[in-house]
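Engineer: Please see the structure below; I have some questions.
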Amino acid sequence: MRIICSIVVIGIIILLSAFSASAQFLGQLSTAQTLPKGETMLGAYLGIYDDAFSLFGQLRHGMVRYLDFGLKVGILNLDPGYGEGKTGLVFGGDVKYWFMERKANDPLDLSLGGGMEFLKIADYSLFALGGNAIASYEIEYGRQKSVTPYGRLNLRWERASFKRSLRLWGWEEGDWTDDEMDVALSLGADLKLSPDFSIIGELEIEDNVGFVAGVNYKIF
């Protein structure tokens, strides 16, 4: 078991060093478990990154058993390195399928899914599309209370665009677009204080390291 865990860790480190890209700012902010059919959760979060900060919210809904989706939208202030930092909109969405369940005698909860994210700030835009593997392990410590550490491995394609033409010291600088693959690791924990309310925190590990924290609340 230790050998397998070591191989997984080494593989993640190699992947993280093999790719370079911008960032994914909205994170996962949910465990591998999905919401039951018909249940809806709202979340509010603050994100702090190397060169940005964000305020955003999430709506998550259980579609059928073991399948849910989430929508996130908010504002983000970013200095991408091409001038002054500015504020713009960021939104994204994801869907995940929960196929390994601890309560069914599996070793941990595990889900697979896909998602997208789009950021638009003045002349700079970033679009990402990719897939996720999410693992979590719920630890109950009191009546209807628990803490759930989780991790997400995200592999995605990104397109960053900068659209502005200017003349500087006799040189003409125009629009550019950059496509690349990126991989990132998110490590977090969900602290459930009641059946409907939890506090969540998540560390984003990639080129643009960040930390996102907030609350989740089931409205029905």
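Engineer: Suppose we filter region 175-194 for residues that are surrounded by fewer than 12 Cβ atoms within 10 Å (Cβ to Cβ) and not in a strand (DSSP E or B); how many remain? If you could, list the steps in order and put the result at the bottom.
Structural biologist: Restricting attention to region 175-194, the residues satisfying the condition of being surrounded by fewer than 12 Cβ atoms within 10 Å (Cβ to Cβ) are 175-177, 179, 194.
Restricting the remaining residues to those that are not in a strand (DSSP E or B) gives 175, 194.
Matching residues across region 175-194 total 2.
Engineer: Output the number of residues of region 206-220 satisfying the condition of being surrounded by fewer than 19 Cβ atoms within 10 Å (Cβ to Cβ) and under 11 Å from residue 27 (Cβ atoms).
Structural biologist: Residues meeting the conditions: 2.
Engineer: Exactly one of (1) over 19 Å from residue 47 (Cβ atoms); (2) part of a strand (DSSP E or B); (3) modelled with pLDDT under 95 is unmet by residue 153. Its number?
Structural biologist: All conditions are met except number (3).
Engineer: Take the residues in region 102-123 that are out of contact with any Leu (no Cβ under 6 Å at 6 or more places or on another chain) and crowded, with 21+ Cβ neighbours inside 10 Å; name whichever of them is farthest from residue 183 (Cα to Cα).
Structural biologist: Result: 109.
Engineer: So is residue 160 at pLDDT below 95 and under 26 Å from residue 215 (Cβ atoms) or not? Steps first, answer last, please.
Structural biologist: Working: at pLDDT below 95: yes; under 26 Å from residue 215 (Cβ atoms): no.
For residue 160, the condition - at pLDDT below 95 and under 26 Å from residue 215 (Cβ atoms) - is not met.
Here's the yes/no breakdown for (1) under 19 Å from residue 26 (Cα atoms); (2) in contact with an Asp or Glu (Cβ under 9 Å, 6 or more places away or on another chain):
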{"site": "93", "(1), (2)": "yes, yes"}
{"site": "113", "(1), (2)": "yes, yes"}
{"site": "124", "(1), (2)": "yes, no"}
{"site": "154", "(1), (2)": "yes, yes"}
{"site": "175", "(1), (2)": "no, yes"}
{"site": "194", "(1), (2)": "no, no"}
{"site": "199", "(1), (2)": "yes, yes"}
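Engineer: What about residue 117, is it farther than 25 Å from residue 147 by Cα and among the acidic types (Asp, Glu)? Don't jump to the end; show me each part of the working.
Structural biologist: On the way: farther than 25 Å from residue 147 by Cα: yes; among the acidic types (Asp, Glu): yes.
Judged against the criteria, residue 117 is a match.
Engineer: Could you tell me whether region 94-113 includes any residue that is under 30 Å from residue 175 (Cα atoms), at pLDDT below 95 and aliphatic (A, V, I, L, M)?
Structural biologist: no
Engineer: Scanning region 128-146 for residues that are among the hydrophobic types (A, V, I, L, M, F, W, C) and surrounded by fewer than 16 Cβ atoms within 10 Å (Cβ to Cβ), which turns out farthest from the chain's Cα centre (by Cα)?
Structural biologist: Initial filter on region 128-146 (among the hydrophobic types (A, V, I, L, M, F, W, C)): 128-129, 133-135, 139.
Keeping just the survivors that are surrounded by fewer than 16 Cβ atoms within 10 Å (Cβ to Cβ) gives 129, 133, 139.
Working: 129: 12, 133: 11, 139: 22 Å.
Restricting to residues being among the hydrophobic types (A, V, I, L, M, F, W, C) and surrounded by fewer than 16 Cβ atoms within 10 Å (Cβ to Cβ), the top hit is 139.
The values are calculated or read from the model by the stated rules, or taken from the named source; none is laboratory data. Worth saying up front: this structure is predicted, and the values here are computed from it rather than measured. Virtual Cβ from ideal backbone geometry, glycine too; neighbours counted across all protein chains shown.
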